[in-house]
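The values are calculated or read from the model by the stated rules, or taken from the named source; none is laboratory data. As the structure is a computational prediction, the values presented were derived from the model and not from experiment. Because the Cβ atoms are built from the backbone with ideal geometry, glycine has one as well, and the counts that use them run over all protein chains shown.
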Amino acid sequence: MHLQFTDEQIMMRDMVRNFAQEKIQPWVERMEAGEFPREILQQMGELGLMGITTPEDLGGSGMDFTSYIIAINELSKVSAVMGVILSVHTSVGTNPIIYFGNEEQKKRYVPKLAAGEYLGAFCLTEPSAGSDAGSLQSKAVKDGDEYVINGSKVFITNGGEADVYIVFASTNPTDKTRGISAFIVEKGTPGLIIGKDEQKMGLHGSRTVQLTFDNCRIPADNLLGEEGEGFKIAMANLDVGRIGIAAQALGIAEAALEAATAYAKERVQFGKPIATQQGVGFKLADMATAVESAKLLVYRAADLRAKGLPCGAEASMAKLFASRTAVQTAIEAVQVFGGYGYTEDYPVERYFRDAKVTEIYEGTSEIQRLVISKHLLK
Ligand code: CAA
């Protein structure tokens, strides 16, 4: 395996890197104050970033999976908020329709999602069904040519801002995971109630909301795949989605390492830059080694996926390791900055707050270990 990017991938990297520096960096403060970057998403749509891997005949850019991971990685170096918005929109907001939707559903939703006209969200987690996603309680009952959905969802990324929600509800509770079905619910459907907007430790510009489905009626045509196929749709897309979150975590870790290295070269104590003092130099060396290892795991999983090869275990390994690396590297970056690192004057405290959730969402680190061990025991 070689991890050399192609010319096309390098062009994508440079384009996203420049866009992030020029357009997103000036928005970071606004996002920190809680503003949702709708304007940026529109520009990303114009650049083809909202449908990087979406086939061209469905209005997307038709690029390979590694290019998509490069984009999340680059965006997240500047703003982890943009990384998670794009990852959720693409991996679990759009791809379920591309892979499991019928022709009508694809034509109706995918071009708009790829253009950034629509934003996608994924509604699996419930108050009592987080890691144990298969125990969800939401129900969907068929009534003529409609389904009626009732239930509650929590921690829905892009919720409230999204136009298209992929919703999981049971159509046959006695069948447990085999009774779960997936549905497409449009924003504004009566009975889809947008609830509390969570006040989070980090990722302030991203939306994380509670949703209630109160006799929410949708056309029966909005069933995604077959009845009972929902859990597999969720799992299959999460497998791949986890590589996106791993790339986001990698971006945070790289940003933290870069900031700490630059600061350590400038900051003079005891008559010389702290980077040249072994205590700090070794810390930077350990941070750089972990970041490089995470990079290899992330791009190895992406490469497998790009080639259409199984990547469930590798995706979980990438997420497990990259998220840990993001947290550790951000903690150490704050340490290198000393007192200044604990203030809002430098970005490392933001990296520190943004990093933690990468060990929690899209499957906690404990769930990644469960998935990896299941693969080992197969
Ligand atoms: N692909 C396809 N099918 C799969 C699969 C996969 N990766 N994993 C499991 N399945 C199938 C199994 O084959 C099985 O099918 P059969 O009944 O036909 O045999 C069925 O699903 C049930 O499998 P398990 O018995 O293994 O399921 P489980 O109940 O033990 O759960 C789990 C497995 C891995 C723990 C799963 O519940 C899980 O991933 N939990 C974490 C949930 C999660 O990641 N949530 C993230 C929410 S989205 C988010 O966070 C986005 C964001 O905001 C950033």
- Of everything in segment 349-364 that's of a type in the set (A, V, I, L, M, F, W, C) and within 13 Å of the ligand (Cβ to nearest atom), which residue is surrounded by the most Cβ atoms within 10 Å (Cβ to Cβ)? V357
- Note on the structure: Screening L284, L370 for residues that are within 21 Å of the chain's Cα centre (by Cα) and without any contact (Cβ under 8 Å) to a residue 60 or more places away in the chain leaves only L370
- Message: Can you list residue pairs whose Cβ atoms sit under 7 Å apart, with the first residue in segment 218-239 being in a loop (DSSP other than H, G, I, E, B) and the second being more than 9 Å from the ligand (Cβ to nearest atom) and among the aromatic types (F, W, Y)? Count only pairs 6 or more apart in sequence or on different chains.
- Response: G225/F100
- Report whether or not A262 is on the phi < 0 side of the Ramachandran plot and touching a residue at least 24 places away in the same chain (Cβ under 8 Å). no
- Item | Residue ranges of strands (runs of 3 or more DSSP E) in segment 137-193 with at least 3 members at pLDDT 95 or above and under 27 Å from the mean Cα position of the chain (by Cα) | 146-157, 164-170, 180-186
- Note on the structure: Going through (1) farther than 30 Å from R369 by Cα; (2) in contact with a Gly (Cβ under 7 Å, 6 or more places away or on another chain); (3) in contact (Cβ under 8 Å) with a residue 24 or more places away in the chain one by one, E56 fails only at (3)
- Task: Go through segment 218-251 residue by residue and tally those that are acidic (D, E) and either surrounded by 24 or more Cβ atoms within 10 Å (Cβ to Cβ) or within 19 Å of T157 (Cα to Cα) (or both).
- Result: 1
- If you take the residues of segment 86-110 that are among the polar types (S, T, N, Q), under 21 Å from E161 (Cα atoms) and more than 11 Å from the ligand (Cβ to nearest atom), which of them is nearest to the chain's Cα centre (by Cα)? T90
- Here the residues within segment 112-135 that are closer than 18 Å to I360 by Cα and part of a helix (DSSP H, G or I) are A133, G134
- Message: Taking the conditions exactly as written (small (G, A, S), in contact with a helix residue (DSSP H, G or I) (Cβ under 7 Å, 6 or more places away or on another chain) and more than 17 Å from G341 (Cα to Cα)), does A249 satisfy them or not?
- Response: yes
- Hey, which of the helices (runs of 4 or more DSSP H) in segment 282-378, taking only ones fully inside, have at least 2 residues that are within 18 Å of A255 (Cα to Cα) and of a type in the set (S, T, N, Q)? 312-337
- Query: Counting only residues that are farther than 24 Å from G116 by Cα and touching a Phe, Trp or Tyr at 6+ places or on another chain (Cβ under 6 Å), which one in segment 148-190 is farthest from the ligand (Cβ to nearest atom)?
  - Reply: N150
- Message: Yes or no: segment 128-143 includes at least one residue that is away from the ligand (no atom under 16 Å from the Cβ), surrounded by fewer than 19 Cβ atoms within 10 Å (Cβ to Cβ) and among the acidic types (D, E).
- Response: yes
- Message: Just to verify a result, which residue in segment 295-339, among those that are basic (K, R) and over 16 Å from S365 (Cβ atoms), is surrounded by the fewest Cβ atoms within 10 Å (Cβ to Cβ)?
- Response: K307
